[in-house]
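These notes are about the structure you will find just below.
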Amino acid sequence: WRWELLAAVFIAFGSAVLPFMSPWHIALVCGREPNSIWMLDTTGADLMDVISKIAAVNMCCLFIPVRACVLWVVPVSGVLSHIVVAKFVIAAATPYYTQASVIMLVLFAFATQGAHRNELHMREKWLAEQRAA
(Lines give C-alpha, C1' and ligand atoms only; values in the text may rest on other atoms or scores of the structure.)
Protein backbone atom coordinates (compact mmCIF):
# COMPACT_ATOMS: atom_id res chain seq x y z
CA TRP A 1 0.00 0.00 0.00
CA ARG A 2 1.07 3.56 -0.60
CA TRP A 3 -0.16 5.00 2.68
CA GLU A 4 1.21 8.45 2.05
CA LEU A 5 -0.71 8.72 -1.22
CA LEU A 6 -3.86 7.44 0.44
CA ALA A 7 -3.49 9.95 3.31
CA ALA A 8 -2.77 12.83 0.93
CA VAL A 9 -5.73 12.01 -1.32
CA PHE A 10 -8.06 11.60 1.67
CA ILE A 11 -7.04 14.96 3.15
CA ALA A 12 -7.14 16.61 -0.29
CA PHE A 13 -10.67 15.31 -0.88
CA GLY A 14 -11.79 16.60 2.52
CA SER A 15 -10.19 19.97 1.80
CA ALA A 16 -11.80 20.16 -1.65
CA VAL A 17 -15.30 19.30 -0.40
CA LEU A 18 -15.13 21.54 2.67
CA PRO A 19 -16.45 24.76 1.09
CA PHE A 20 -19.48 22.95 -0.27
CA MET A 21 -20.48 21.93 3.27
CA SER A 22 -20.54 25.51 4.50
CA PRO A 23 -24.08 26.58 5.47
CA TRP A 24 -23.50 29.97 3.87
CA HIS A 25 -22.39 28.52 0.53
CA ILE A 26 -25.06 25.79 0.48
CA ALA A 27 -27.78 28.41 0.80
CA LEU A 28 -26.29 30.56 -1.96
CA VAL A 29 -25.88 27.59 -4.31
CA CYS A 30 -29.57 26.78 -3.78
CA GLY A 31 -30.44 30.39 -4.63
CA ARG A 32 -31.64 31.35 -1.15
CA GLU A 33 -30.56 33.99 1.30
CA PRO A 34 -28.58 32.24 4.10
CA ASN A 35 -30.18 34.28 6.89
CA SER A 36 -33.64 33.24 5.74
CA ILE A 37 -32.80 29.51 5.93
CA TRP A 38 -30.59 29.10 8.98
CA MET A 39 -31.64 30.07 12.46
CA LEU A 40 -28.01 30.66 13.44
CA ASP A 41 -25.85 33.49 12.19
CA THR A 42 -23.71 31.94 9.42
CA THR A 43 -21.68 35.00 8.45
CA GLY A 44 -18.40 33.47 9.63
CA ALA A 45 -18.92 30.12 7.94
CA ASP A 46 -16.69 30.90 4.96
CA LEU A 47 -13.82 31.85 7.25
CA MET A 48 -14.17 28.50 9.02
CA ASP A 49 -13.60 26.93 5.61
CA VAL A 50 -10.33 28.86 5.23
CA ILE A 51 -9.20 28.04 8.76
CA SER A 52 -10.03 24.36 8.30
CA LYS A 53 -8.03 24.20 5.06
CA ILE A 54 -5.05 25.84 6.75
CA ALA A 55 -5.27 23.32 9.60
CA ALA A 56 -5.51 20.38 7.18
CA VAL A 57 -2.51 21.46 5.13
CA ASN A 58 -0.43 22.15 8.23
CA MET A 59 -1.40 18.79 9.72
CA CYS A 60 -0.40 17.03 6.52
CA CYS A 61 2.88 18.96 6.22
CA LEU A 62 3.93 18.68 9.85
CA PHE A 63 2.62 15.43 11.26
CA ILE A 64 2.04 12.99 8.41
CA PRO A 65 5.17 11.64 6.71
CA VAL A 66 4.19 12.47 3.14
CA ARG A 67 6.89 13.13 0.55
CA ALA A 68 6.88 16.43 -1.32
CA CYS A 69 6.20 14.68 -4.63
CA VAL A 70 2.80 13.63 -3.23
CA LEU A 71 2.19 16.49 -0.79
CA TRP A 72 1.35 19.10 -3.45
CA VAL A 73 -2.04 17.43 -3.95
CA VAL A 74 -3.35 18.71 -0.61
CA PRO A 75 -2.81 22.48 -0.96
CA VAL A 76 -3.66 22.46 -4.67
CA SER A 77 -7.04 20.82 -4.02
CA GLY A 78 -7.74 23.35 -1.28
CA VAL A 79 -6.87 26.28 -3.52
CA LEU A 80 -8.84 24.93 -6.47
CA SER A 81 -11.98 24.40 -4.40
CA HIS A 82 -11.51 27.87 -2.96
CA ILE A 83 -11.30 29.35 -6.46
CA VAL A 84 -14.37 27.43 -7.62
CA VAL A 85 -16.42 28.70 -4.68
CA ALA A 86 -15.14 32.25 -5.12
CA LYS A 87 -15.98 32.15 -8.83
CA PHE A 88 -19.43 30.53 -8.70
CA VAL A 89 -20.74 31.48 -5.25
CA ILE A 90 -19.62 35.07 -5.57
CA ALA A 91 -21.02 36.54 -2.34
CA ALA A 92 -18.73 35.99 0.62
CA ALA A 93 -20.20 36.04 4.10
CA THR A 94 -17.58 38.36 5.53
CA PRO A 95 -15.68 41.30 4.04
CA TYR A 96 -12.42 39.64 5.12
CA TYR A 97 -12.74 36.70 2.73
CA THR A 98 -10.16 38.05 0.25
CA GLN A 99 -7.64 38.82 2.98
CA ALA A 100 -8.17 35.38 4.51
CA SER A 101 -7.64 33.82 1.09
CA VAL A 102 -4.31 35.60 0.67
CA ILE A 103 -3.23 34.56 4.17
CA MET A 104 -4.27 30.99 3.34
CA LEU A 105 -2.09 30.98 0.21
CA VAL A 106 0.90 32.36 2.09
CA LEU A 107 0.53 29.81 4.87
CA PHE A 108 0.18 27.01 2.29
CA ALA A 109 3.44 28.16 0.71
CA PHE A 110 5.21 28.26 4.08
CA ALA A 111 3.89 24.84 5.10
CA THR A 112 4.85 23.11 1.86
CA GLN A 113 8.27 24.77 1.79
CA GLY A 114 8.86 23.69 5.38
CA ALA A 115 7.79 20.13 4.60
CA HIS A 116 10.13 20.08 1.61
CA ARG A 117 13.05 21.37 3.69
CA ASN A 118 12.28 18.82 6.41
CA GLU A 119 12.23 16.05 3.81
CA LEU A 120 15.63 17.14 2.46
CA HIS A 121 17.04 17.23 5.99
CA MET A 122 15.69 13.75 6.78
CA ARG A 123 17.07 12.38 3.50
CA GLU A 124 20.53 13.82 4.23
CA LYS A 125 20.39 12.33 7.74
CA TRP A 126 19.37 8.93 6.36
CA LEU A 127 22.18 9.00 3.77
CA ALA A 128 24.72 9.90 6.46
CA GLU A 129 23.52 6.98 8.59
CA GLN A 130 23.78 4.63 5.60
CA ARG A 131 27.36 5.75 4.89
CA ALA A 132 28.32 5.34 8.54
CA ALA A 133 26.94 1.81 8.74
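Taking every full run of DSSP H in the chain, the ones that stretch at least 24 Å from end to end by Cα along their long axis and average -0.5 or higher on the Kyte-Doolittle scale are 45-63, 97-132. When the chain is treated as a Gaussian network with alpha carbon springs shorter than 10 Å, the biggest mean-square fluctuation among Gly114, Gly31, Gly78 belongs to Gly31. Positive-end ranking of Val17, Val29, Leu47 along the dipole of the chain, with charges on Cβ about the Cα centre, is headed by Val17.
For the range 1-74, the relative contact order works out to 46 percent when only alpha carbon pairs closer than 8 Å and six or more residues apart are counted. Could you identify which residue out of Ala56, Ala111, Ala27 has the top mean-square fluctuation in a GNM of the chain using Cα springs shorter than 10 Å? Fluctuation is largest for Ala27. Placing +1 on the Cβ of every Lys and Arg and -1 on the Cβ of every Asp and Glu, with nothing else charged, gives the chain a dipole about its Cα centre of roughly 400 debye.
Measuring with a 1.4 angstrom probe and ignoring ligands and nucleic acids, Phe110 comes out at about 140 Å² accessible.
Estimated from helices alone, the mean residue ellipticity of the chain at 222 nm is -24500 deg cm²/dmol (sum of -39500 (n - 2.57) over DSSP H runs with n ≥ 4, per residue).
Is the shape of the range 41-106 best called rounded, prolate or oblate, per the rule: a/c under 1.5 gives rounded, else a/b larger than b/c gives prolate, else oblate, with a ≥ b ≥ c the square roots of the Cα gyration tensor eigenvalues? Here the range 41-106 falls in the prolate category. If I take every Cα pair under 8 Å that is 6 or more residues apart in the chain, average their sequence separation and divide by the length, what percent do I get for the relative contact order? Computed value for the chain: 33 percent relative contact order.
Work the Kirkwood hydrodynamic radius out for the chain: mean of 1/r over every pair of different alpha-carbon atoms, inverted, in Å. Roughly 16.2 Å, rounded to one decimal. Can you tell me which of Ser101, Ser36, Ser15 moves the most in a GNM of the chain? Springs connect C-alpha atoms under 10 Å apart. Most flexible of the set in this elastic network: Ser36.
Using a probe of 1.4 Å on the protein chains alone, the accessible area found for Thr98 is around 100 Å².
The values are calculated or read from the model by the stated rules, or taken from the named source; none is laboratory data. Owing to the predicted nature of the structure, the values given are computational and were not obtained by experimental measurement. We place every Cβ from the backbone using ideal geometry, glycine too, and count neighbours over all the protein chains shown. Just so you know, the surface numbers come from the protein's heavy atoms only, side chains and all, with ligands and any DNA or RNA stripped out. Shrake-Rupley method; radii C 1.70, N 1.55, O 1.52, S 1.80 Å.
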